[in-house]
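Trainee: Let me give you the structure first, and then I'll get to my questions.
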Amino acid sequence: MRLEFDTRGLCCDLALHPVSGLVAKKMQKLGKAVYRHKYANWWRKGNTTTCGMRVDPELLVRVRLDGAPQEFDQSGLTREVFEVRRRMYLESNANYACVLGYDNEPCGCVWRWNDISDFDPARFTFQVQRWDSIMGEKDYFILDNVLYDGHFADEHAWCDSKGFDLIRPIVINLGAVRREMARAV
């Protein structure tokens, strides 16, 4: 049987980068215009990037087995999450971190598995990142990947893209975060 996990909602493609004070000032001054000053995808490079579907109230999830709709409880999507924190740079020499990218592209993402012998929705596991502390928004979840019975999908496809708006760079003062944390201890 063929299993399909189909999502429709908002796609995110975000990156968190350490930056110098000079670059932080430039990011704040230029705002969205900063994207025109480098090659088109320079901001996607690095270890702290994510591309996935926003898990929010508008996210639509459809599960099908050989084309037939299956019951699925979306509340389990954020049961286990990996929190991306600005803290990852607190022990470095970086003074600032900056978020670049977009989080508002209407689109879909579909994961497909072939040769499924039996279906149990409890066998789904989700790789979800939480960007609350970075984006400054409660319950900011991004679905990166879906596994079924411990297996990655045989096929993974983005579809129905409608375009996006790049966000204004978000500059995080790591010195202020360090001071805040020291006071909390």
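The values are calculated or read from the model by the stated rules, or taken from the named source; none is laboratory data. This structure is a prediction, so every number in the text was calculated from the model and none was measured. When we count neighbours, we look across all protein chains shown, and the Cβ atoms used for this are built from the backbone with ideal geometry, even at glycine. Surface accessibility is based on the protein's heavy atoms, side chains included, excluding ligands, DNA and RNA. Shrake-Rupley method; radii C 1.70, N 1.55, O 1.52, S 1.80 Å.
Trainee: Multiply the residue gap between Arg123 and Glu80 by 0.36 nm, knock off their C-alpha separation, and tell me the result in nm, one decimal place. Please report the intermediate quantities before stating the final value.
Mentor: Numbers: separation 43, 0.36 × 43 = 15.48 nm, distance 1.39 nm.
Taking Arg123 through Glu80 to full extension adds about 14.1 nm, to one decimal.
Trainee: Moving on. Compute the length gained on full extension between Asn104 and Arg44: take 0.36 nm times their separation in residues and subtract their Cα-Cα distance, giving the result in nm to one decimal. Intermediate results must be reported in sequence, preceding the final value.
Mentor: Details: separation 60, 0.36 × 60 = 21.60 nm, distance 1.63 nm.
Extra length available between Asn104 and Arg44 comes to 20.0 nm.
Trainee: So which chymotrypsin sites (Phe, Trp or Tyr not before Pro) in region 102-155 are both in a DSSP loop and have at most 10 other Cβ atoms within 10 Å of their Cβ?
Mentor: Values: sites: Tyr102, Trp111, Trp113, Phe119, Phe124, Phe126, Trp131, Tyr140, Phe141, Tyr148, Phe152; in loops: Phe119, Trp131, Tyr140.
Within region 102-155, no chymotrypsin sites (Phe, Trp or Tyr not before Pro) qualify (loop, at most 10 other Cβ atoms within 10 Å).
Trainee: For Thr125, what charge total do you get from the other residues with a beta carbon under 13 Å from its beta carbon, if Lys and Arg give +1 and Asp and Glu give -1? Show your work: numbers first, answer last.
Mentor: Details: positive: Arg79, Arg123; negative: Glu80, Asp120, Asp144, Asp149.
Net of charged neighbours comes to -2.
Trainee: Could I ask something else about it? Apply the Karplus parameterisation 6.51 cos²θ - 1.76 cosθ + 1.60, with θ equal to phi minus 60°, to every residue of region 154-167 and state each ³J(HN,Hα) to the nearest whole Hz, in sequence, with x for glycine and proline.
Mentor: Rounded to whole hertz, the list is 6, 9, 9, 9, 8, 8, 6, 5, 10, x, 8, 10, 5, 7.
Trainee: Let me ask another. In the chain, with Lys and Arg counted as +1 and Asp and Glu as -1 at Cβ, which of these residues, Asn114, Tyr96, Met53, has the Cα nearest the positive end of the dipole, that is, farthest along it?
Mentor: Tyr96
Trainee: Percent of accessible area on the chain owned by carbon and sulfur, 1.4 Å probe? Write down the numbers at each step before the final one.
Mentor: Details: 5120 of 10480 Å².
Carbon and sulfur atoms account for 49 percent of the accessible area of the chain.
Trainee: If you don't mind, there's one more thing I want to ask. Of the chain, which part is the longest with no GluC sites (Glu not before Pro) in a loop (DSSP not H, G, I, E, B) and with at most 12 other C-beta atoms within 10 angstrom?
Mentor: On the way: sites that count: Glu58, Glu71, Glu80, Glu91, Glu137.
The longest uninterrupted stretch comes out as 1-57.
Trainee: Additional query: With a 1.4 Å probe and all protein chains left in place, how much accessible area per residue does the chain have, in Å²? Write down the numbers at each step before the final one.
Mentor: Values: 10480 Å² over 185 residues.
Accessible surface, normalised per residue, equals 57 Å².
Trainee: Right, another one. Can you give me the Rg/Rh ratio for region 3-184, using Cα atoms for both radii and the Kirkwood formula for Rh? Can you show the working numbers first?
Mentor: On the way: Rg = 18.5 Å, Rh = 17.9 Å.
In region 3-184, Rg relative to Rh is 1.03.
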